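The values are calculated or read from the model by the stated rules, or taken from the named source; none is laboratory data. Note that the structure is predicted; figures quoted are calculated from it, not measured. Cβ sites come from the backbone with ideal geometry, for glycine too, and all protein chains shown count toward neighbours.
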């Protein structure tokens, strides 16, 4: 399964424009649903990204270089493209 975790329609449309296949779009991730081999795309907090990896999932971070003035604003897919949004794979593990 490929999950897109976002509440933002611009992110959904950005993924579609970039032909990123998504099986489910969720406003919030319940990490208990993640199975080995699943992929999660979004802007997860570090502990949640680590939990995805601990369950055998893959995490791709939607990186959006927002300015201070843009924080908290709803951005369109076009704005995300203009800002250079990108996906970057991360493997996050908690330090012991």
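Suppose the filter is exposed (fewer than 13 other Cβ atoms within 10 Å of the Cβ) and at pLDDT below 95; does residue 45 pass it?
So residue 45 fails the test.
Taking the condition touching a residue at least 40 places away in the same chain (Cβ under 8 Å), touching a helix residue (DSSP H, G or I) at 6+ places or on another chain (Cβ under 9 Å) and in a loop (DSSP other than H, G, I, E, B), does residue 93 pass?
yes
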ask   = Can you list the strands (runs of 3 or more DSSP E) found entirely within the stretch 1-82 that contain at least 3 residues being in contact (Cβ under 8 Å) with a residue 24 or more places away in the chain?
value = 2-5, 39-42, 58-63
